[in-house]
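Enquirer: Submitted below is the structure of interest, expressed as structure tokens.
The values are calculated or read from the model by the stated rules, or taken from the named source; none is laboratory data. Predicted, not measured: the structure shown is a model, and the values here were computed from it. Cβ coordinates were reconstructed from backbone atoms using ideal geometry, including for glycine residues, and neighbour counts include every protein chain displayed. Side chains included, ligands, DNA and RNA excluded: accessible areas come from the protein's heavy atoms. Shrake-Rupley method; radii C 1.70, N 1.55, O 1.52, S 1.80 Å.
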Amino acid sequence: MKIAMWSGPRNLSTAMMYAFAARGDCAVWDEPFYAAYLKESGSDHPLADEIIAAHESDPETVAARCAGPVPEGKKHHYMKQMPHHMLDGFPMDWAANCTHVHLIRHPARVIASYGAKRGNATLEDLGFPQQVALFDRLGGIVIDSHDIRANPRKMLQELCAAIGLDFTDRMLEWPAGGHASDGIWARHWYGAIHASTGFAGAEGALPDLTGADAALLARAMPCYDHLRRHALLSAAPDPA
């Protein structure tokens, strides 16, 4: 199985990559199109020049690898994909043979977390409209990080059942310190997950956003609500 796990930034995406890597039967790939996105867009992300230099930046080459065989020695290939990395003109034919999962998180939490790492985010930086467009085009399973953190075992069991994969308890924990498949951007973005050995507990109250962040939240909520209506559910939704 090839799994394309679509998620915007500051979600539970790296923890989910670690969970699938911990199975033992999954190769994992951290944000395959990130370098290509940075090279094409010119976006001033932290470590942009290093990322472009260290990772494949030709989208056709990346797409060919996505479409290629599962890496040797593994049964499945898990690709942590970012919707906003798929710029117009980037190949998407590789996606035809993937099982698609769309990981979502309440925009208030995303905006607050992203702002602590890189300020002045736009709606497109957070990937909400791109994720809706991909879901409407590709279909697939939707799962909310709020529900995973509230009950990791149940939600991963439900996710595995939905995509036809056996669940294993190994998905619930991993070694601290990161993973060999991390992109070099990990040192800027992955501090908390590198200190973890499993999923964090349930989240607290939503952050109280003001000013430009509140305006950004208002624009992002219709995208989140659209996807949330299709989500696998186990817990009460994040409060509005």
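Enquirer: Calculate, for the chain, the solvent-accessible area per residue in square angstrom, rolling a 1.4 angstrom probe over the heavy atoms of the protein chains.
Expert: I get 43 Å² per residue for this part.
Enquirer: Where the accessible area of the chain is counted over protein heavy atoms with a 1.4 Å probe, how much of it, in %, is carbon and sulfur?
Expert: 50 percent
Enquirer: From the C-alpha gyration tensor of segment 141-184, pull out the three semi-axes of the equivalent ellipsoid (sqrt of 5λ each), sorted largest to smallest, in whole Å.
Expert: 21, 13, 12
Enquirer: Let me ask you something else. When DSSP beta bridges are limited to those with both residues in the chain, what percentage is antiparallel, rounded to the nearest 5?
Expert: Around 5 percent of the beta bridges assigned by DSSP in the chain are antiparallel ones.
Enquirer: Can you check what the Kirkwood hydrodynamic radius comes to for segment 72-186, Cα pairs only, in Å to one decimal?
Expert: Across segment 72-186, the inverse of the average 1/r is 16.4 Å.
Enquirer: Then there is this: For the chain, compute the number of Lys pairs whose alpha carbons are separated by less than 28 Å, excluding pairs fewer than 8 positions apart on the same chain.
Expert: Lysine pairs meeting the criterion: 11.
Enquirer: Considering Cα pairs under 8 angstrom that are at least six residues apart, work out the relative contact order of segment 136-217 and quote it in whole percent.
Expert: 32 percent
Enquirer: Per q in 0.12, 0.15, 0.17 1/Å, what log10 I(q)/I(0) does a Debye calculation on the alpha-carbon atoms of the chain return?
Expert: Taking Cα atoms of the chain as identical point scatterers yields -0.64, -1.07, -1.45.
Enquirer: Semi-axes of segment 1-142's equivalent ellipsoid from the Cα gyration tensor, sqrt of 5 times each eigenvalue, largest first, rounded to whole Å?
Expert: 23, 18, 15
Enquirer: Under the rule of -39500 (n - 2.57) per DSSP H run of 4 or more residues, summed and divided by the residues of the chain, what mean residue ellipticity at 222 nm is obtained, to the nearest 500 deg cm²/dmol?
Expert: Only helices count here, giving -12000 deg cm²/dmol.
Enquirer: State, as an integer percentage, the relative contact order of segment 90-240 based on alpha-carbon contacts under 8 Å between residues 6 or more apart.
Expert: So the answer I get is 39 percent.
Enquirer: How do 95-107, 128-140 rank on mean C-beta neighbours within 10 Å, highest first?
Expert: Order by mean packing, descending: 95-107, 128-140.
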